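Enquirer: This is the structure I have questions about; it appears just below.
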Amino acid sequence: MAVQLALLKSGEEIIADIREIVDKDTGKQMSLVFIKPVRVTVQQPAVLNEQSGQSEGVLSFAPWIATSKDEEFFVPYEWCVTVCEANDDIKNSYIKNVGVRDDSESNFIETEQPVSDSGD
């Protein structure tokens with residue numbers, strides 16, 4: 001599992017086990033797969049901290065597609081602005097709260113057949 005953070009065109013920040021689907025024969029990247037994705041938001045309080053003069057954000061996780069029972073979602077490359085490593089606090093909180101472990105050995109899935117962007 002490769003727990004990473006993705007920024008989507010919609011502006012959403014998603015943390016998930018993110019993998020690539022790659023055609024086994026051609027090596028062509030076909031799609032991304034988000035496994036157990038959650039939306040990450042940092043809510044800024046309206047009150048400033050007296051000691052530092054800065055406000056501290058509160059981290060919040062919410063299911064990415066709350067009405068779905070699926071745990072895997074196919075995301076076209078063109079919808080993803082970037083994929084990066086989440087900071088340690090966010091990554092550890094995701095692993096603890098979602099109940100996954102980070103095993104970054106394999107972050108792609110090989111396939112012998114085309115995969116629909118709709119996940120069918």
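The values are calculated or read from the model by the stated rules, or taken from the named source; none is laboratory data. Because the structure is predicted, anything quoted here is derived from the model rather than measured. Virtual Cβ from ideal backbone geometry, glycine too; neighbours counted across all protein chains shown.
Enquirer: Since V42 meets every condition but one in (1) modelled with pLDDT of 90 or more; (2) more than 8 Å from the chain's Cα centre (by Cα), which condition does it not meet?
Expert: Exception for V42: condition (1).
Enquirer: Examine segment 90-110 for a residue that is at pLDDT 70 or above, surrounded by 14 or more Cβ atoms within 10 Å (Cβ to Cβ), in contact with a strand residue (DSSP E or B) (Cβ under 6 Å, 6 or more places away or on another chain) and in a strand (DSSP E or B), and state whether such a residue exists.
Expert: no
Enquirer: Please state which one of S68, S31 is hydroxyl-bearing (S, T, Y), surrounded by 11 or more Cβ atoms within 10 Å (Cβ to Cβ) and either modelled with pLDDT of 80 or more or part of a strand (DSSP E or B) (or both).
Expert: After ruling out the rest, the residue left standing is S31.
Enquirer: Sticking with this structure for a sec: Out of segment 11-28, which residues are exposed (fewer than 11 other Cβ atoms within 10 Å of the Cβ) and in contact (Cβ under 8 Å) with a residue 60 or more places away in the chain?
Expert: D25
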